[in-house]
């Protein structure tokens, strides 16, 4: 029987650290996932209003296909600067590509942002948005244990009409294979059924990791799954790009960039299982997949089946992480 890893966090995948930096005055923040030596990586974008950096470098037809960190941030386009801070921090540690011995290390730092500019915090930052500094602070705070809920990139996040935030989960698939997920949830859709208490992801819960509420206890009208559109409009959330679900999947298998892409694509189903509606024109749903290469997979026809198993587990982990983001916020 499968079970979560020891921490039930993405950092159950050995070699990862996660750090948050939160600015309470701005009501925003950044979350950094550090993977050190550069892991095979890919990205899949399904939302209609994404905000990203360094996505093309992860395409299989391009040169690198690896990442040294992934950054999730609030702040919409301004939040992309968090990756500048992370890249500088990593380079100062000698982490990154080294094309010449006398040049600085060049870290590959993909980044995705969510829109939290209308959450009431002070965004009057003029020519000095705080996100580069938040990226640096998140690196300094990186560890294998980290908080969930309204912290880091999830500080100003919403999920429909409820508080969103940071969630994470993991699963031990036996034989040494670990899959984990990290999410910053700021979706236009809701993680809860119309009764306001049952998670769409209830069927994937291990124990009481997001409250143990189980299935719905009464019949509900599911014909209109969207949140109250008039209320979302009133608070300015029905704007393209104003919402998003940002996810990172990690595993310890020896996946290629192409195989990471398939895992990222499969993991997007976790958003559709846990948020309703998902992938709307208003969202920027983006999922990264990383692989450490620690655990060799089969080199024969069974390899595709193993990758499918990882992708399926990734979707379940992402669904659980989404529910945990709301539960802990």
Please work out which one of (1) assigned to a loop (DSSP other than H, G, I, E, B); (2) surrounded by fewer than 22 Cβ atoms within 10 Å (Cβ to Cβ) is the condition residue 133 fails and give its number.
-> (1)
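Here is a yes/no grid of residues against (1) surrounded by fewer than 24 Cβ atoms within 10 Å (Cβ to Cβ); (2) more than 15 Å from the chain's Cα centre (by Cα); (3) in contact (Cβ under 8 Å) with a residue 60 or more places away in the chain; (4) assigned to a loop (DSSP other than H, G, I, E, B):
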residue: 60; (1), (2), (3), (4): yes, yes, yes, yes
residue: 63; (1), (2), (3), (4): yes, yes, no, yes
residue: 71; (1), (2), (3), (4): no, no, yes, no
residue: 95; (1), (2), (3), (4): yes, yes, no, yes
residue: 112; (1), (2), (3), (4): no, no, yes, no
residue: 119; (1), (2), (3), (4): yes, yes, yes, yes
residue: 128; (1), (2), (3), (4): yes, yes, no, yes
residue: 145; (1), (2), (3), (4): yes, yes, yes, yes
Which listed residue, of 83, 41, 67, 30, is in contact with a helix residue (DSSP H, G or I) (Cβ under 8 Å, 6 or more places away or on another chain), closer than 14 Å to residue 116 by Cα and surrounded by 24 or more Cβ atoms within 10 Å (Cβ to Cβ) | 30
Quick check: anything in region 238-249 over 30 Å from residue 3 (Cα atoms), surrounded by fewer than 16 Cβ atoms within 10 Å (Cβ to Cβ) and either in contact with a helix residue (DSSP H, G or I) (Cβ under 9 Å, 6 or more places away or on another chain) or modelled with pLDDT under 95 (or both)?
-> yes
Counting only residues that are assigned to a strand (DSSP E or B) and touching a helix residue (DSSP H, G or I) at 6+ places or on another chain (Cβ under 8 Å), which one in region 281-309 is surrounded by the most Cβ atoms within 10 Å (Cβ to Cβ)?
-> 289
Keeping to region 11-43, report how many residues are more than 23 Å from residue 294 (Cβ to Cβ) and outside any loop (DSSP other than H, G, I, E, B).
-> 8
Pairs where the first residue, in region 278-302, is on the phi > 0 side of the Ramachandran plot and at pLDDT below 85 and the second is part of a loop (DSSP other than H, G, I, E, B) and buried (at least 16 other Cβ atoms within 10 Å of the Cβ), C-beta under 6 Å, 6+ apart = none
Could you list, in sequence order, all residues of region 158-185 that are touching a strand residue (DSSP E or B) at 6+ places or on another chain (Cβ under 7 Å), in a loop (DSSP other than H, G, I, E, B) and either closer than 30 Å to residue 306 by Cα or at pLDDT 95 or above (or both)?
-> 164, 173, 176, 177
Could you list, in sequence order, all residues of region 253-271 that are surrounded by fewer than 19 Cβ atoms within 10 Å (Cβ to Cβ) and over 14 Å from the mean Cα position of the chain (by Cα)?
-> 254, 256, 258
If you scan region 277-291, which residues turn out to be farther than 13 Å from residue 315 by Cβ and out of contact with any strand residue (DSSP E or B) (no Cβ under 6 Å at 6 or more places or on another chain)?
-> 277, 279, 280, 281
Filtered residues of region 242-260 (kept if more than 19 Å from residue 69 (Cβ to Cβ) and outside any strand (DSSP E or B)) | 242, 254, 256, 258, 259
All-but-one check, residue 324 against (1) assigned to a loop (DSSP other than H, G, I, E, B); (2) crowded, with 24+ Cβ neighbours inside 10 Å, failing number (1)
When (1) in contact (Cβ under 8 Å) with a residue 40 or more places away in the chain; (2) part of a helix (DSSP H, G or I); (3) over 19 Å from the mean Cα position of the chain (by Cα) are applied to residue 203, the one that fails is (1)
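The values are calculated or read from the model by the stated rules, or taken from the named source; none is laboratory data. Being a predicted model, the structure only gives us computed values, none of them experimental. Glycine gets a Cβ as well: all are built from the backbone with ideal geometry, and neighbour counts include every protein chain shown.
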